[in-house]
Amino acid sequence: MTSIATAFADEVVTNAYTKIVAVPNIEGPVALITLDNGFDHTKPSSFGPGGLTALDAALDEAFAANPVAIAITGKPFIFAAGADLKGVPSITDRDQALELGRLGHKVFRRLRESSVPTFAFVNGVALGGGLEVALHSHFRTASESAGALGLPETFLGLIPGWGGTQLLPNLIGPSNAVTVVLENALNQNKTLSPKKALELGVVDAVFGSADFLEQSFAWAAQVLAGEIAPTRPEIDRGQGWDDAVARAKAIVAGKTQNNAPGPVKAVELLELARTTDLTDPASLDKGFAAEDEALADLLLADELRAGLYAFDLVNKRAKRPAGAPDKSLARKVTGVGIVGAGLMASQLAMLFVRQLKVPVILTDIDQERIDKGVGYVHTEIDKLQGKGRLSADAANRLKALVSGSLDKAAFAKTDFVIEAVFENLDLKKKIFAELEEHIDPGTILATNTSSLSITEMAADLKHPERVVGFHFFNPVAVLPLLEIIKGEQTDDATLATAFATAKSLKKSAVLCGDKAGFVFNRLVTRTLGEVMSAVDEGTPFDVADSAITELGMPMSPFTLLALVGPAVALHTGETLQAAYPERFTSSPGLEALVEAKKSAVWSYGADGKQVVDPEVAELWKQGDKPSTAQEVLERTRRAFAEEIQIMLDEGVVAAAEDIDLCLILGGGFGFWNGGITPYLDRTGTSEAVNSKRFLAPGVANVK
């Protein structure tokens, strides 16, 4: 067996320094252990085998001093950010994985099983294994400025494997533990503020950051003197635990359709924790051993490797977009024009004014529409003020920046204009031609088109080089993806300005070639097309709709259809059919749905049960060649693999990684699949369709 240390040969070791200190009002020495990897807060301390061993040695030193208390804290702004996951791809056998879990338990539980009172002074970010260090301690304080606290492991496809699943529910109750371990983690990796952590009982006290250590020591002195006894809730191990587990299962099924093994394992461990007695070492042995076994399984699962790949895409590749020109070429944006004042345009206006804090002018075909668009932005700003996220002065300043005009001459004051009108090429060309009469030659003309050609849109303009695709996803405030599309004549200055503006808007941009549907809509339309074709052929609606859940889409095809709107889906499909008639075909059923102005396939009875709308069942004529769920899944997989390879051959994006980034950020495709290409590689679909994998072995799979 190869030692786990070998897999983490490149670990940035978090050192643990023990200092024996005298504390006012505490009789006897206190051992203070500080976790510090030697870097500033931009490189958080984490735990690999080396870091765990260092903490173990620091505890030896602390206990040897015969202190009256042991306290553990972190470097400035960081307590500890969890396990060091960089070595995970080098873990090659289960014994190594088990060793990592057991080592963490061995070291951390020394804090729990100490006869000397132990304190965690959480001075900054405490995530995953970092928070588990605190949970093993007898008492916990947190700085009010601590950036984030939480157990995000299930978001990546892991579990809190160093005590979290067993300790937390027995500390704060099973329902609160479900919130922290599953609900928050699977909700875009939401974390806890110190205030919320105190409310839930994760920490016992919160103090100001200026003199956090002094206040924590003063509090500890009161605890040691018996003047303060932190309360612990009575844990309901009966119906309350049953209800919490049921909620956990519902959350995991709703978010992952049980296709991500990490969250499923977490539910099992939270259920096991009902019988874990924190005062009984043998009981803890059993609970911790179960965590070790689960962690070992997950560390060698393809889904975790895909999750880490996805995490790397979102946190690294998205910040350095492939193909983006030198940022020094970007022009400054001091004023923004938005053509259209409907819901999408109004959302864009809100985003631009809030993030850029420059004048934003909306225009539309009549004053009523303009007033409605400006009113929408003002209302959204008022909502932020009401939630305490904006001061009254800041809200008034933002509202004063938003105006409307029927006359496009007002756009002469802008240097970035984006249109967000109906998907009609002639209409968009007409708008851009009108705008050219009023704006400077250097003003960017951006289009929020979801599928139309940027090159054709710019073809008749005097300055086609300043036209760029700037495709947002709905809802604008929530979805982080921005597809930036380069037309044939788009110049580098325009493209650089587009990327710089995307960054200022706090969006993750991916450069896309000017091909119909770009990335996200092209792939999702192809997917919906396969599902609807199966229904046209005779497959029952429910069979087709539920067949592809393991692809990792956040909602089923017909739920997505209702969200997008059948008319919009049909229009996008027609654009792609014109471009690629051999692969994108029209669905007679969808056409009938749109003609009848039906908004969805499903209807819901009084009991909330989903059924096919009887009118839709009548309208949607089906054949007599039904497919099984497995057949629908297989044809959809193959369609994905085929279309992605064609897109890569066409140069729509630089690499398969950008396809995955678009699907994750634009539509919430599952981290456990790494977007889509690792899943297609794992299932053998890539090689079956294209005779090769999209990614090299080991990049997003075990091998």
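The values are calculated or read from the model by the stated rules, or taken from the named source; none is laboratory data. Just so it is clear, the structure is predicted and the values come from calculations on it, not from any experiment. We place every Cβ from the backbone using ideal geometry, glycine too, and count neighbours over all the protein chains shown. The area values use the complete protein model at the heavy-atom level, side chains included, leaving out ligands, DNA and RNA. Shrake-Rupley method; radii C 1.70, N 1.55, O 1.52, S 1.80 Å.
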With the Cα gyration tensor of segment 94-176 giving a ≥ b ≥ c as the square roots of its eigenvalues, does the rule (a/c under 1.5 for rounded; else a/b larger than b/c for prolate; else oblate) give rounded, prolate or oblate? oblate
For segment 379-452, build the charge dipole from Cβ charges (+1 Lys, Arg; -1 Asp, Glu) around the Cα centre, then report which of 431, 412, 394 sits farthest towards its positive end. 394
Could you sort the peptides 480-492, 601-613 by per-residue average Cβ neighbour count (10 Å cutoff), highest mean leading? 480-492, 601-613
Which of 359, 307, 87 sits farthest toward the positive end of the charge dipole of the chain, with +1 on the Cβ of Lys and Arg and -1 on the Cβ of Asp and Glu? 359
So what is the relative contact order for segment 283-418, in percent, with contacts set as C-alpha pairs under 8 Å and at least six apart? 27
Stokes-Einstein, Kirkwood over Cα pairs, the chain, 20 °C, 1.002 mPa s; D in µm²/s equals 77
Pull up the DSSP beta bridges for the chain and report the antiparallel fraction as a percent, rounded to 5. 25
Expected vector for segment 184-198, Karplus 3J(HN,Hα) from phi with 6.51, -1.76, 1.60 and θ = phi - 60°, integer Hz, x for Gly and Pro, equals 5, 4, 8, 9, 6, 6, 5, 10, 9, 7, x, 4, 5, 4, 5
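Under a Cβ-Cβ cut-off of 11 Å, what is the net charge of the residues other than residue 169 that fall near it, where Lys and Arg count +1 and Asp and Glu count -1?
On the way: positive: 237, 274; negative: 236, 271.
Residues near residue 169 contribute 0 overall.
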First check a/c for segment 84-132, with a ≥ b ≥ c the square roots of the eigenvalues of its C-alpha gyration tensor; if it is under 1.5, answer rounded, and if not, answer prolate when a/b is larger than b/c or oblate otherwise. oblate
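Tell me the relative contact order for segment 1-75 as a rounded percent, counting alpha carbon contacts under 8 Å between residues six or more apart.
Result for segment 1-75 is 39 percent.
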Cα pair distances exceeding 23 angstrom across segment 1-110, given as percent: 34
Antiparallel %, DSSP beta bridges [both residues in segment 110-249], to 5: 10
For residue 331, the residues 5 or more places away or on another chain with a placed amide H closer than 5 Å to its own amide H are 497
Cβ-placed point charges (K, R +1; D, E -1), dipole of segment 247-342 about Cα centre in debye, nearest 20: 1120
Please list, in order along segment 225-234, the HN-Hα scalar couplings obtained from phi with the Karplus expression 6.51 cos²θ - 1.76 cosθ + 1.60 (θ = phi - 60°), rounded to whole Hz, x for Gly and Pro. 7, x, 7, 10, 10, x, 7, 10, x, 6
From the residues 152, 118, 133, which one has its Cα farthest along the dipole of segment 90-155 in the positive direction, the dipole being from +1 and -1 charges on Cβ of Lys/Arg and Asp/Glu about the Cα centre? 118
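Taking R0 as 41 Å, what's the FRET efficiency between residue 357 and residue 578 from their Cβ-Cβ distance, rounded to 0.05? Mind dumping the intermediate values first?
On the way: r = 41 Å, r/R0 = 1.00.
With a Förster radius of 41 Å, E is 0.50.
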Helix 302-315 against the longest principal axis of the chain: what's the angle in degrees, Cα atoms only, rounded to the nearest 10? 70
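Students often get this wrong, so check it: of 428/515; 372/430; 265/506; 195/286; 190/609, which have C-alpha atoms separated by over 26 Å?
On the way: 428/515 17 Å; 372/430 24 Å; 265/506 34 Å; 195/286 33 Å; 190/609 30 Å.
Where the Cα-Cα span goes over 26 Å, the pairs concerned are 265/506; 195/286; 190/609.
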Residue-normalised accessible area of the chain, expressed per residue, 1.4 Å probe, Å²: 41
Name the long-range amide H neighbours of residue 47: under 5 Å, sequence gap of 5 or more, or other chain; modelled H, no Pro or chain starts. 82, 83, 84
Can you compute the modelled spin-label distance between residue 229 and residue 646, with each label point 7 Å from Cα toward Cβ, in nm? 7.2
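Among rounded, prolate and oblate, which fits segment 484-565 when a ≥ b ≥ c are the square roots of the eigenvalues of its C-alpha gyration tensor, a/c under 1.5 means rounded, and a/b larger than b/c means prolate? Intermediate values should be presented prior to the final figure.
On the way: a/c = 4.05, a/b = 2.41, b/c = 1.68.
It comes out prolate by the Cα gyration axes.
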Cα centre as origin, Lys/Arg/Asp/Glu Cβ charges: segment 460-596 dipole, Debye: 720
Whenever you get a sec, compute what percent of the accessible area on the chain sits on carbon and sulfur atoms (1.4 Å probe). 53
Taking the chain as the reference, fit the longest principal axis to its C-alpha atoms, fit the long axis of helix 656-667 to the helix C-alpha atoms, and give the angle between the two in degrees, 0 to 90, nearest 10. 90
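How large is the charge dipole for segment 1-144, taken about the Cα centre, if only the Cβ atoms of Lys, Arg (+1) and Asp, Glu (-1) carry charge, to the nearest 20 debye? Walk me through the numbers before you get to the answer.
Values: 11 positive and 15 negative charges, 45 e Å.
Dipole of segment 1-144, to the nearest 20 debye: 220 debye.
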To the nearest 10 degrees, the tilt of helix 239-256 (Cα long axis) against the first principal axis of the alpha carbons of the chain is 40
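Which of the peptides 226-237, 631-642 is most tightly packed, and how do the rest follow, going by the mean number of other Cβ atoms within 10 Å of each residue? Can you show the working numbers first?
Values: 226-237: 11.6, 631-642: 20.4.
Ranked from most to least packed, the peptides come out as 631-642, 226-237.
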Whole-Hz ³J(HN,Hα) from phi, Karplus 6.51 cos²θ - 1.76 cosθ + 1.60, for segment 551-557, glycine and proline x: 5, x, 5, x, 8, 6, x
Label point 7 Å beyond Cα of residue 599 along Cβ direction - residues of segment 317-351 with amide nitrogen under 20 Å: 342-347
Protection proxy ranking, peptides 425-433, 344-352, 122-130, average beta carbon neighbours within 10 Å, highest first: 122-130, 344-352, 425-433
Normalised by the number of residues in segment 600-703, what is the relative contact order in percent for Cα pairs under 8 Å and 6+ residues apart? 18
At residue 315 and residue 592, where each label point lies 7 Å from the Cα along Cα→Cβ, what is the point-to-point distance in nanometres? 5.0
